[in-house]
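Each remark here refers to the structure printed beneath this line.
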Amino acid sequence: MTIESQKIPGSSVDVAFVQQLSTNIRESVQRIIVGKSDTIDIAILALLCRGHVLLEDVPGTGKTTLAKALAASLDCGFGRIQFTPDLVPADVLGVNFYNLSKSEFEFRPGPIFSSILLADEINRATPRTQSALLEAMQERQASIDGVTTSLPDPFMVMATLNPVEMEGTFPLPEAQLDRFMVRASLGYPDRGEESAMLDRFRSGETPDSIQSTATVSDVIEGRSIVDQVTVDDMVRDYMLDIVAKTRSSASLRLGASPRASLALQHAAQGRAAMNGRTYVLPDDVKQLAVPVLAHRLIAETTTQLRGQATDQIVREITESTPVPFERE
């Protein structure tokens with residue numbers, strides 16, 4: 001399906017294209033995922049901002065279905081890796097094997113060579129296997145036997161975590177958590193949503209039945225438009241104030257990294273474009289502070305004992321930081 005360009009009068013930035021693109025993808029995904037528009041928008045946002053998504057939720061809430069539905073909506077390559085303790089990096093990246101008939105080595109690509117990669121229960125693999133994703137997530141390339149190969153464009157990792165089952169798992173290192181642009185969760189549906197879900201799946205609706213509503217080239221064009229969204233100096237200062245407070249907070253042992261600052265700015269640009277604006281508002285930053293920053297932070301031990309999660313700390317920091325128009 002081709003999306004028509006429609007530039008906003010007086011602007012060279014075609015955010016109406018991004019707005020329509022995100023609407024089409026959202027409506028397509030919601031044929032399978034009932035409700036949960038906020039989480040779906042977070043996934044679309046990450047796709048448009050060259051980011052990766054960490055889905056942390058209890059089993060059975062639709063994390064895998066969301067990844068499949070998003071890939072089906074784009075008509076792009078989808079790969080899935082079920083992470084287990086015996087998984088090795090070659091299972092992720094691929095392997096060179098000797099072809100006897102041709103008397104030469106051939107490369108058999110792994111599932112990482114997909115536009116959307118579902119890393120299911122990523123914390124069940126050993127740190128050695130988890131590290132196979134680091135280069136791919138940051139540099140969009142994979143190195144196998146000394147040869148570096150570019151990954152598809154677009155490329156996005158959607159990783160799932162089960163927060164209630166810790167036995168036999170390996171905590172994700174901070175370096176890997178920092179490579180996820182956003183963390184999100186679907187949560188349990190309310191009664192009306194669950195009733196609609198039961199009715200919908202009774203009729204056999206699955207992600208495989210979704211017809212694509214956008215092309216890979218649409219996503220690439222949308223990304224270039226998001227890059228042009230204006231970030232005023234006052235809004236940038238507001239972002240930097242929030243990030244600085246995470247680094248000086250007595251409740252946190254590890255604050256947000258410079259990569260987190262970049263992710264917050266880019267995510268705010270994406271949210272502005274998805275809402276039809278050519279400029280970022282402080283509200284864009286405020287709404288995205290928790291999904292972009294919280295998973296990158298480490299709380300002090302005393303804070304953890306008080307049960308104060310990093311999500312709550314980020315909210316408190318955001319609420320206590322004056323927005324630009326409130327400054328004298």
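We did not get these values from a lab; they are worked out from the coordinates using the rules stated. All values reported here derive from a predicted model rather than from experimental measurement. Don't worry about glycine lacking a Cβ; one is built from the backbone with ideal geometry, like all the others, and counts go over all protein chains shown.
Details
- For the range 60-101, backbone nitrogen atoms closer than 15 Å to the point 7 Å from residue 134 Cα along Cα-to-C-beta are found at 89.
- Ordering 231-241, 23-33 by mean Cβ neighbour count within 10 Å, with the highest value first, yields 23-33, 231-241.
- Amide H to amide H, with H built 1.01 Å from N, residue 298 comes under 5 Å of 253, 254, counting only residues 5 or more places away or on other chains.
- Taken about its Cα centre, the range 229-321 carries a charge dipole of about 300 debye when Lys and Arg each add +1 at the Cβ and Asp and Glu each add -1 at the Cβ.
- When +1 charges are put on Lys and Arg Cβ atoms and -1 charges on Asp and Glu Cβ atoms, the dipole computed for the range 152-296 relative to its Cα centre reaches about 460 debye.
- With the highest mean first, a sort of the peptides 134-142, 40-48 on other beta-carbon atoms found within 10 angstrom per residue produces 40-48, 134-142.
- Dividing the mean sequence gap of close Cα pairs (under 8 Å, 6+ apart) by how many residues the chain holds gives a relative contact order of 23 percent.
- Sites residue 141 and residue 234, calculated FRET efficiency, Cβ-Cβ separation with R0 51 Å, nearest 0.05: 0.90
- Per-residue ellipticity at 222 nm computed for the chain from its helices equals -13000 deg cm²/dmol, with DSSP H segments shorter than 4 residues left out and the rest contributing -39,500 (n - 2.57).
- When the P(r) is computed for the chain, the part past 29 Å accounts for 41% of the Cα-Cα pairs.
- Packing-based ranking of 265-274, 102-111 yields 265-274, 102-111, ordered from highest to lowest mean Cβ neighbour count within 10 Å.
- Residues of type lysines that residue 245 reaches as a straight line, Cα spacing below 28 Å, ignoring anything fewer than 8 places off in the same chain: 286
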